[in-house]
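A quick write-up on the structure given underneath.
The values are calculated or read from the model by the stated rules, or taken from the named source; none is laboratory data. Only a predicted model underlies this, so the values are computations on that prediction, with no experimental measurement involved. Here the Cβ positions follow ideal geometry from the backbone for every residue, glycine too, while neighbour counts run over all protein chains shown. These accessible areas exclude ligands, DNA and RNA; they are computed on the full protein's heavy atoms, side chains included. Shrake-Rupley method; radii C 1.70, N 1.55, O 1.52, S 1.80 Å.
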Amino acid sequence: MARVLIVDDSEEDRLLQRTALEDAGHDLFFAKNGGEAMKAYLGKDIDVVVTDFQMPDGNGFELITGLLGMDEDTKIIALSGSSPEELDMAKLLGALPTLAKPVDPNEFIEAVAEATASS
């Protein structure tokens, strides 16, 4: 299964994402912001990064840009509960797929499977 880094400042959202992906058998790592995410990404062999947009100490746009700047093959799934425009921008930056919050657990599991299949 995949090694997935979940980046979200909301403990509730991290728990929902954790439940879905643990049940699917993935190994999970967590970060509350972009700075923690970069450290975790560099220290682990991560297959997929799942990131929210609105976070303290940096946002999802900065994280996506930073990750893809280090490794253009990074698989990133972007989540947003704020606006469809954020998801459109995430696609332009290279995140695929993008999902609106609240995320359907089955769609979420499928998105991770698709991202890892294209590795």
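Within the stretch 1-13, residues that are over 15 Å from residue 39 (Cβ atoms) reach partners that are assigned to a helix (DSSP H, G or I) and open to solvent by 10 Å² or more (accessible area, probe 1.4 Å) with beta carbons closer than 6 Å, at six or more positions or on different chains, in the pairs 2/116; 8/14.
Yes/no per residue for (1) among the basic types (Lys, Arg); (2) more than 17 Å from residue 3 (Cα to Cα); (3) open to solvent by 20 Å² or more (accessible area, probe 1.4 Å); (4) at pLDDT below 95:
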site	(1), (2), (3), (4)
31	no, no, no, no
48	no, no, no, no
82	no, yes, yes, yes
112	no, no, no, no
118	no, no, yes, yes
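The lone criterion from (1) assigned to a loop (DSSP other than H, G, I, E, B); (2) buried (at least 18 other Cβ atoms within 10 Å of the Cβ) left unmet by residue 57 is number (2). Of the candidates 66, 25, 35, the single residue that is out of contact with any strand residue (DSSP E or B) (no Cβ under 9 Å at 6 or more places or on another chain), outside any helix (DSSP H, G or I) and in contact (Cβ under 8 Å) with a residue 12 or more places away in the chain is 25. Closer than 17 Å to residue 17 by Cα and at pLDDT 95 or above - does that describe any residue in the stretch 51-73? There is at least one residue in the stretch 51-73 that is closer than 17 Å to residue 17 by Cα and at pLDDT 95 or above.
Within the stretch 28-51, the set of residues being touching a helix residue (DSSP H, G or I) at 6+ places or on another chain (Cβ under 9 Å), within 19 Å of residue 116 (Cα to Cα) and of a type in the set (D, E, K, R) comprises 47 only. Filter the stretch 86-101 for residues that are over 12 Å from the mean Cα position of the chain (by Cα) and modelled with pLDDT under 90 and give the result. Hit for the stretch 86-101 is 86, nothing else.
In the stretch 60-80, the residue that is farthest from residue 110 (Cα to Cα) out of those that are buried (at least 17 other Cβ atoms within 10 Å of the Cβ) and of a type in the set (Gly, Ala, Ser) is 60. Return yes when residue 115 is free of Cβ contacts under 8 Å to residues at least 60 places away in the same chain and either in contact with a Lys or Arg (Cβ under 7 Å, 6 or more places away or on another chain) or aliphatic (A, V, I, L, M) (or both) and no when it is not. No; evaluated as a whole, the condition is false for this residue.
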